Amino acid sequence: MGGTFDPIHLGHLVTAEQARADLDLDEVVFLPAGQPWQKEEKTTSAEHRYLMTVLATAANPAFSVSRLEIDRDGPTYTIQTLRGLHSAVPDADLHFITGADAILNILTWKDADECLDLAVFVAATRPGYDLEKLEAQGVREQVRVLDVPALAISSTDVRERFGKGRAVRYLIPREVEEFARKHGLYDTKGNGLALGGAV
Ligand code: NAP
């Protein structure tokens, strides 16, 4: 499961669990993006995002978190991740789960055709998502769509709530909330954003 996870929230966790059950997956490996180069705004350091993802997933035996993307230098290209996973577990039936709006742009990704060959792409959608957007991009046939009501939660909203001092309880795991507060990741001064990587 790919994402920036800035921060990881319950919508991501519900998506992962729903994908695991619906697609009969053995496990879900979370892949925090190291340098999500197509994002316009700055992101929290990769190390902080990785640790929040570990905290959020630790209790589920079917979930794990990979450092593959955060330990790789340069912009994060999904094709490099898929090649790495494919050579590590050549017999595995790989699925790449992420948000539908990210998959909308898949044709602009590096080596998009090879990405689609190496894994089944699973597009998680929020309630009311307009599937015609995927059709218009010509990728509707190539991706599985997963409708996840809990994806009404978004990382953007969670960050804004932190910034305004509003409650985030029941939107993100308690451990993630405490970690983010301890490190001042989303306070109004933006402490923690784009830190080097050391914690
Ligand atoms: P994004 O643009 O931040 O996210 C687009 C939408 O998808 C947002 O609504 C986001 O909600 C949602 N989303 C993201 N990850 C999700 C997940 N795991 N489950 C459910 N919803 C999710 O997308 P991004 O995080 O930068 O990129 C998503 C994935 O695509 C990453 O793995 C990234 O490396 C990959 N990607 C690859 C390339 C490439 O190879 N060239 C280019 C772009 C992206 P939230 O903000 O609430 O998560």
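The values are calculated or read from the model by the stated rules, or taken from the named source; none is laboratory data. Remember, it's a predicted structure, so these values are computed and weren't measured experimentally. Every residue, glycine among them, receives a Cβ derived from its backbone with ideal geometry; neighbour counts consider all protein chains shown. Quick note on the areas: whole protein, heavy atoms, side chains included, nothing else; ligands and nucleic acids left out. Shrake-Rupley method; radii C 1.70, N 1.55, O 1.52, S 1.80 Å.
The table below gives the values:
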{"item": "One residue from Thr156, Thr98, Thr108 being modelled with pLDDT of 95 or more, loosely packed, with under 12 Cβ neighbours inside 10 Å and within 9 Å of the ligand (Cβ to nearest atom)", "result": "Thr156"}
{"item": "Test: Arg83 is at pLDDT 95 or above, open to solvent by 70 Å² or more (accessible area, probe 1.4 Å), within 13 Å of the ligand (Cβ to nearest atom) and not aliphatic (A, V, I, L, M)", "result": "yes"}
{"item": "Hey, Pro36 open to solvent by less than 10 Å² (accessible area, probe 1.4 Å) and touching a Ser or Thr at 6+ places or on another chain (Cβ under 8 Å) or not", "result": "no"}
{"item": "Residue match in the range 123-130 (condition: more than 11 Å from the ligand (Cβ to nearest atom), of a type in the set (D, E, K, R) and assigned to a loop (DSSP other than H, G, I, E, B))", "result": "yes"}
{"item": "Candidates Glu40, Glu47, Glu69, filtered to the one that is of a type outside the set (S, T, N, Q) and touching a strand residue (DSSP E or B) at 6+ places or on another chain (Cβ under 7 Å)", "result": "Glu69"}
{"item": "Cβ pairs under 6 Å, 6+ apart, first in the range 3-24 and in contact (Cβ under 8 Å) with a residue 12 or more places away in the chain and within 18 Å of Val54 (Cβ to Cβ), second among the basic types (Lys, Arg) and surrounded by 20 or more Cβ atoms within 10 Å (Cβ to Cβ)", "result": "Phe5/Arg49; Asp6/Arg49"}
{"item": "Index of the failed condition, Arg166 passing every other in (1) part of a helix (DSSP H, G or I); (2) open to solvent by 40 Å² or more (accessible area, probe 1.4 Å); (3) at pLDDT 95 or above", "result": "(1)"}
{"item": "Residues of the range 170-182 classified as touching a helix residue (DSSP H, G or I) at 6+ places or on another chain (Cβ under 7 Å) and more than 15 Å from the ligand (Cβ to nearest atom), total", "result": "2"}
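Yes or no, residue by residue, for (1) among the aromatic types (Phe, Trp, Tyr); (2) at pLDDT 95 or above; (3) farther than 23 Å from Asp26 by Cβ:
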site	(1), (2), (3)
Ala46	no, yes, yes
Tyr50	yes, yes, no
Val54	no, yes, no
Ala62	no, yes, no
Leu68	no, yes, no
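One line per residue, one yes/no per condition, for (1) of a type in the set (Lys, Arg); (2) open to solvent by 20 Å² or more (accessible area, probe 1.4 Å); (3) in contact (Cβ under 8 Å) with a residue 60 or more places away in the chain; (4) out of contact with any helix residue (DSSP H, G or I) (no Cβ under 6 Å at 6 or more places or on another chain):
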{"position": "Thr44", "(1), (2), (3), (4)": "no, no, yes, yes"}
{"position": "His48", "(1), (2), (3), (4)": "no, no, yes, yes"}
{"position": "Met52", "(1), (2), (3), (4)": "no, no, yes, no"}
{"position": "Phe63", "(1), (2), (3), (4)": "no, yes, no, no"}
{"position": "Leu68", "(1), (2), (3), (4)": "no, yes, no, no"}
{"position": "Arg72", "(1), (2), (3), (4)": "yes, yes, no, yes"}
{"position": "Ile79", "(1), (2), (3), (4)": "no, no, no, no"}
